[in-house]
Amino acid sequence: MTLAPAAPQLASFRARCEEVAGTALDAPGALHAFSVERPEEFWRTLLDWSGVPWSGSADVVLTGTDVETARFFPGLRLNYAEALLRPLDGAGDDAPALTAVHADRPADRWTRGELRDAVARTVTALQRLGLATGDRVVLIAGNTGETAVAALAVAAIGAAVSTAAPDMGAASLLGRFGQVDPAVLVLDRRAVPDDVVAEVVAGLPTLRRVLLLDDGPLTDLGLPVDRLADCTADAGPTHDWPRHAFDTPLFVMFSSGTTGPPKAMVHGAGGTLLEHVKEHRLHVDLGPGDTLYFHTTTAWMMWNWQLSALATGAHVVVHDGPVAGPGTLWQLAADHGVTVFGTSPAYLQLGQDAGHRPAEAADLSRLRAVLSTGAVLHDWQFDWVAEAVGPVPLQSISGGTDIIGCFVLGAPDLPVRRGRSQTRSLGLDVAAVDEDGREVVGQVGELVCRRPFPSRPVGFLRDPDGSRFHDAYFADHSGTWTHGDLIEFDADGSSRLHGRSDGVLNIDGLRIGP
């Protein structure tokens, strides 16, 4: 068993909840029980403790108990980008905010002040070009700093953004973005072939403009094409961070499920922010002085998750180069002083199979936690990390695009049990149930969430009556979120994932067994 360092943020938050609850919450499972049994008090306490800037009213925290229909904070207004980029104690304007690592050129770096200024200038440029609250933007680019700046600027305006990796191909891109009806396409022209660009633009009739993140050619695409850098060159930084309704669309995400075209899930700004702040600060203990690297592409929800880590004051490292071998990402972590390293079971297995020993090949002295998601993490992989990486907790986290967060994940104050996720996410009433909907402990059941949570999608696009949304998550257990995974919980709250409950995934039209 391995324990992470002391977690002052969790201790501080627990103390605040104890004041609200009027009782001690230091017994095993007590804080989680409080979070799901008294949700209005829990989520309001989290909002206040987090320091997230907001306006309006937080008097109404939750409008009901049905997961499908309940809304959080209907009178509250906030700005996702403002929350991520605001000055913080311990992370002033000179603190590192974002480092973008490339395979073919030196890294790009932004301090918090520089990143806020870059986003603010991009907001001005996008508003000059006519982008407005309620619009949608699609973005095809690698995991670079320019991608993050563009996405944050879109969010600041109150428009929704949907991202994709440049190697996805025209059919996959249109299968997703054809549902979005975007006003603007932002892309890295260097990374997307000309024929794919032409086909995507032709297949998105609502487009008003194309913006290039690089210095690629301004070829004729039948509508205005500009370089974003040219548009921001004379754009002064905006000083207006308008606050939007809690459920204002922020991200449009895609999950194919088991049948039909990809589901276009709309995630709200407030629910995404609050869930990510909770996971980052309480479950990972991220804060100023930390450096986070999570290996992802712009096609995966972990890209959105790692972007939100800016709200904690942590330094975020992104990478758009290839993984050349089992040592690539460990060396990146060493080079940039990564304290929290996010990866997948596949990459860990690559290192084990190759006989790689990261701690002997690179200086990982700053590393304090390894997170893994994307598949089931096997017992022997915990052993390999302990032997080859060092005495750091390996935290198996799982949730999904559907909730843009985690149902089960790590806890800085709990031991790691090999093969298991440490704990349920605070505020999420997660359980395993049998075919009759009864909770089971110590045996495999269907993963459900029985009470409302703020990062539930606002809904699906092209689903005017909500029937597709209902059928996807609520048809089996009315008023309860049914996730589609099999899970087994132990009495201590730890869990083990057992794959999809339907036994099949649909990936870009191909049905694949787990």
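How would you rank 247-254, 44-51, highest first, on the average number of other Cβ atoms within 10 Å across their residues?
Going by the mean number of other Cβ atoms within 10 Å, highest first, we get 247-254, 44-51.
In the chain, if the dipole is taken from +1 on Lys/Arg beta carbons and -1 on Asp/Glu beta carbons about the Cα centre, which of THR238, GLY355, MET301 is farthest to the positive end?
It is THR238.
From Cα pairs below 8 angstrom and at least 6 apart in sequence, can you work out the relative contact order of the chain, rounded to a whole percent?
Dividing the mean separation by the residue count of the chain yields 16 percent.
Check which residues have an amide H placed less than 5 Å from LEU364's amide H, if you skip close sequence neighbours.
Distant-sequence amide H within range of LEU364: zero hits.
Considering only LEU221, SER398, GLN443, whose Cα is most displaced toward the positive end of the charge dipole of the chain, charges sitting on Cβ of Lys, Arg (+1) and Asp, Glu (-1)?
Highest projection toward the positive end goes to LEU221.
Find the relative contact order for the stretch 186-301 and round it to a whole percent, using C-alpha pairs within less than 8 Å whose residues are 6+ positions apart.
15 percent
Roughly how many debye, to the nearest 20, is the charge dipole of the stretch 114-244 about its Cα centre, given +1 on each Lys and Arg Cβ, -1 on each Asp and Glu Cβ, and no other charges?
Charge dipole, the stretch 114-244, about its Cα centre: 440 debye, nearest 20.
Given +1 on the Cβ of Lys and Arg, -1 on the Cβ of Asp and Glu, and no further charges, what dipole in debye does the chain carry about its Cα centre, rounded to the nearest 20? Walk me through the intermediate numbers first.
Working: 40 positive and 64 negative charges, 92 e Å.
Computed about the Cα centre, the dipole is about 440 debye.
Over 23 Å apart: what share of the alpha carbon pairs of the stretch 114-244 falls there, rounded to a whole percent?
The answer is 24 percent, as a whole percent.
With r as the distance between the Cβ atoms of GLU114 and LEU223 and R0 = 30 Å, compute the FRET efficiency 1/(1 + (r/R0)^6) and round to 0.05. It would help to have the intermediate numbers written out before the result.
On the way: r = 32 Å, r/R0 = 1.06.
About 0.40, to the nearest 0.05.
Taking 7 Å along the Cα-to-C-beta vector as the label spot, tell me the ALA375-GLU360 distance in nanometres, rounded to one decimal.
Those two pseudo-labels are separated by 2.5 nm.
How do the peptides 59-72, 396-409 rank, highest first, by the average count of neighbouring beta carbon atoms within 10 Å per residue?
396-409, 59-72
Quick check for me: using +1 on Lys/Arg Cβ and -1 on Asp/Glu Cβ, what's the dipole size of the stretch 255-408 about its Cα centre, in debye to the nearest 20?
340 debye
Could you work out the equivalent-ellipsoid semi-axes for the stretch 93-148, taking the square root of 5 times each eigenvalue of the Cα gyration tensor, largest first, in whole Å?
Numbers: eigenvalues 112, 52, 13 Å².
Output for the stretch 93-148: semi-axes of 24, 16, 8 Å.
For the pair ARG462 and ASP353, how long in nm is the line joining their label points, each one 7 Å along Cα→Cβ?
3.7 nm
For the chain, what proportion of DSSP beta bridges, expressed in % and rounded to the nearest 5, is antiparallel? All intermediate terms of the calculation are to be shown ahead of the outcome.
Numbers: 41 of 75 bridges.
Percent antiparallel among DSSP bridges in the chain is about 55.
Arrange the peptides 427-435, 488-496 so that the one whose residues have, on average, the most other Cβ atoms within 10 Å appears first.
427-435, 488-496
Considering only DSSP beta bridges whose two residues both sit in the stretch 70-197, what percent are antiparallel, to the nearest 5?
Among the beta bridges of the stretch 70-197, antiparallel pairing accounts for roughly 35 percent.
Full extension from GLU41 to ASP434: what is 0.36 nm times the residue separation minus their Cα-Cα distance, to one decimal in nm?
138.5 nm
Relative contact order for the stretch 271-371: what is it in percent, counting Cα pairs under 8 Å that are at least 6 residues apart?
On the way: 132 pairs, mean separation 28.1, N = 101.
Rounded, it is 28 percent for the stretch 271-371.
Stretch VAL441-HIS477 to full length: gain in nm at 0.36 nm per residue minus the Cα-Cα span? All intermediate terms of the calculation are to be shown ahead of the outcome.
On the way: separation 36, 0.36 × 36 = 12.96 nm, distance 1.85 nm.
Computed gain between VAL441 and HIS477 is 11.1 nm.
So for the chain, taking the charge dipole from beta-carbon charges (+1 Lys/Arg, -1 Asp/Glu), which of LEU84, LEU25, PHE489 sits furthest toward the positive end?
The one lying farthest along the dipole's positive direction is LEU84.
Using only alpha carbons, build the gyration tensor for the chain and give me the equivalent ellipsoid semi-axes, biggest first, whole Å.
Semi-axes (√(5λ), whole Å): 33, 27, 24.
Coordinate-derived values only; no laboratory data. Given the structure is predicted, the values throughout are model-derived calculations rather than measurements. Note that we place each Cβ from the backbone using ideal geometry, even for glycine, and neighbour counts take in every protein chain shown.
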